[in-house]
Amino acid sequence: MSTKASTLLAVAAGAFLGGLAAGLLLSPRTGRENRDYLRKKSQEWSQRAGKKGREMKTKIRDTVPDLYEATAQFGLEEEDLKGSRL
């Protein structure tokens, strides 16, 4: 990653975190309500990310063929491929 891109990413992350902190500090909710809300949302986001990850893994597994099965028609054994530059 270039220095310019790294700087931009750091500025964007800082702005996001600053906005999040300001939102929490200026929120009409109590600290306990904010913590409960953040805990609930982070659990939801974590579960959603896990579900999406499992879906992607399944799609990739279903889309990409097993290499051993795909190359079986060539009649090559694993020993034949070692050290070769195919």
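Dipole magnitude of the range 3-81 about its Cα centre, charges +1 at Lys/Arg Cβ and -1 at Asp/Glu Cβ only, in debye to the nearest 20?
On the way: 14 positive and 11 negative charges, 249 e Å.
Computed charge dipole of the range 3-81: roughly 1200 debye.
On full extension of the chain, what length is gained from Lys40 through Thr58, given 0.36 nm per residue of separation minus the C-alpha to C-alpha distance?
On the way: separation 18, 0.36 × 18 = 6.48 nm, distance 2.72 nm.
Stretched fully, the Lys40-Thr58 segment lengthens by 3.8 nm.
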On C-alpha positions alone, give me the angle between the axis of helix 31-63 and the longest principal axis of the chain, in degrees, nearest 10. 10
Quick one: 3J(HN,Hα) in Hz for the range 5-22, Karplus 6.51/-1.76/1.60 with θ = phi - 60°, rounded, Gly and Pro as x. 5, 5, 5, 4, 5, 5, 5, 5, 5, x, 5, 4, 5, x, x, 5, 5, 5
FRET efficiency, Thr7 to Ala70 (Cβ-Cβ, R0 41 Å, nearest 0.05): 0.40
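Over the chain, how many pairs of lysines fall under 28 Å by alpha carbon, counting only those 8 or more apart in sequence or from different chains?
Numbers: Lys40/Lys51; Lys40/Lys52; Lys40/Lys57; Lys41/Lys51; Lys41/Lys52; Lys41/Lys57; Lys41/Lys59; Lys51/Lys59.
Lysine pairs, 8 or more places apart or on different chains, close enough: 8.
So what's the back-of-envelope 222 nm ellipticity for the chain, counting only DSSP H runs of four-plus at -39500 (n - 2.57) apiece and dividing by all residues, rounded to 500?
Details: 4 runs with 64 residues, N = 86.
The helix contribution divided over the chain gives -24500 deg cm²/dmol.
So how much slack lies between Leu17 and Asp80, counting 0.36 nm per residue of separation and subtracting their Cα-Cα distance, in nm?
Details: separation 63, 0.36 × 63 = 22.68 nm, distance 5.44 nm.
Full extension of this stretch gives 17.2 nm more.
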Signed unit charges on C-beta, dipole axis of the range 1-61, positive-most listed residue Leu8, Gly23, Thr58: Thr58
When only alpha-carbon atoms count, how far does the chain stretch along each of its three principal axes, as whole angstroms with the largest first? 70, 34, 18
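Every number in this text was worked out from the coordinates using simple rules, so none of it is lab data. This is a predicted model, so every value here is computed, not measured. No Cβ is skipped: glycine too gets one built from the backbone with ideal geometry, and neighbour counts run over all protein chains shown.
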